[in-house]
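Derivation of every value follows stated rules applied to the coordinates shown; laboratory data play no part. For clarity, every value in this text was computed on a predicted model and none was experimentally measured. Positions of Cβ are generated from backbone atoms using ideal geometry, with glycine treated the same way; all protein chains shown enter the neighbour counts.
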Amino acid sequence: MATRSLTISWDASTNRQTVQHMSGREYIEATMSGKIQASPMSRLMGFVTTEIGDGSIVVECMPGEQHYNVLGSTHGGLASTLLDTCMGGAVQVTMPAGYGAATLELKINYVRAITVETGKLRCEGRVIHPGKRIATADGRITDASGRLYAHGSTTMMIFPIQEMS
């Protein structure tokens, strides 16, 4: 059996105090440009934000063996985490400075298995309802040819970042 390893690193100096003075859009743009590193979770999973709009975002990922379960396909957690990141990012794009959003509910529909052979995944998230205390969003994971692998929806709570203490 061949042994493989995965190593990630991140800059622990990017924290809540840094991002609370930025709008959600400014924060995501800063991560896209490399001014601020993406979150440790995004780095661990291999997520890269490639597009943002008003209440929308695209996050891409290349599935690898490190995402596999014992059946030889990616664990459902890859699609779930990708959708949660993307739908949450769509909501975060709408947040003013000092505000964040946290997942209250997450619903995922898995349509087909994801493997290394699937190739790059594209997850598109968009806000459905940009409320003041509660927001909703949906998302879709497709491959390069537009074939659907999973879709989902989320409900998120909006709050001032300093309340996270």
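Return the residues of segment 134-156 that are touching a strand residue (DSSP E or B) at 6+ places or on another chain (Cβ under 9 Å), surrounded by fewer than 15 Cβ atoms within 10 Å (Cβ to Cβ) and either touching a residue at least 40 places away in the same chain (Cβ under 8 Å) or not in a strand (DSSP E or B) (or both); say none if nothing qualifies.
Residues satisfying the conditions are ALA144, GLY146.
Which residue, of THR94, THR103, is under 13 Å from ALA135 (Cα atoms) and assigned to a loop (DSSP other than H, G, I, E, B)?
THR94
Can you pull out the residues in segment 109-133 that are among the β-branched types (Val, Ile, Thr), surrounded by fewer than 17 Cβ atoms within 10 Å (Cβ to Cβ) and outside any loop (DSSP other than H, G, I, E, B)?
VAL116, ILE128, listed by residue number.
Results for (1) under 17 Å from SER80 (Cα atoms); (2) out of contact with any strand residue (DSSP E or B) (no Cβ under 9 Å at 6 or more places or on another chain), shown as yes or no for each residue.
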site	(1), (2)
PRO96	no, yes
TYR110	yes, no
THR115	yes, no
LYS120	yes, no
CYS123	yes, no
HIS129	no, no
LYS132	no, no
